[in-house]
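Remarks on the structure that follows.
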């Protein structure tokens, strides 16, 4: 994983299906070259005017944190994928991006092959590519 794969909303793009799939691989919110999924390119959080003035470029630094859009996204991810973007942002703010990256690498590591578990499918696409 690399720092460019951590979105302003607290999403770890490295565990996203759009990044892990075999074709049209999304390079994450911060990537300036290569493919970016349509949802990431058009994301209201990524393109937020308030985010642009923060030093960290993470939502936790915004005066509106957590905004309605982030709360809505967080609720969907907590219910459907057992992950909280708001909790991720609190962790990044308190412990830093480097510690968060290490935590994520352990949390989403496949016990069988060492690959990455996809947050959207709940499986490692290397071990279970047909699911």
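The values are calculated or read from the model by the stated rules, or taken from the named source; none is laboratory data. Values in this document were obtained by computation on a predicted structure and should not be read as measured data. Cβ placement follows ideal geometry from the backbone for every residue including glycine, while neighbour counts extend to all protein chains displayed.
Observations
- Qualifying positions in the range 77-108 - outside any helix (DSSP H, G or I) and surrounded by 14 or more Cβ atoms within 10 Å (Cβ to Cβ): 83, 84, 108
- Neighbours by Cβ (under 9 Å, 6+ apart or cross-chain): first from the range 113-124, on the phi > 0 side of the Ramachandran plot and without any contact (Cβ under 8 Å) to a residue 12 or more places away in the chain; second surrounded by 19 or more Cβ atoms within 10 Å (Cβ to Cβ) and not in a loop (DSSP other than H, G, I, E, B): 114/124
- Subset of the range 19-36 (residues that are surrounded by fewer than 17 Cβ atoms within 10 Å (Cβ to Cβ) and either under 13 Å from the mean Cα position of the chain (by Cα) or at pLDDT below 85 (or both)): 31, 32, 33, 34, 35
- Odd one out for residue 39, checked against (1) surrounded by fewer than 15 Cβ atoms within 10 Å (Cβ to Cβ); (2) touching a residue at least 60 places away in the same chain (Cβ under 8 Å); (3) in contact with a helix residue (DSSP H, G or I) (Cβ under 9 Å, 6 or more places away or on another chain): (2)
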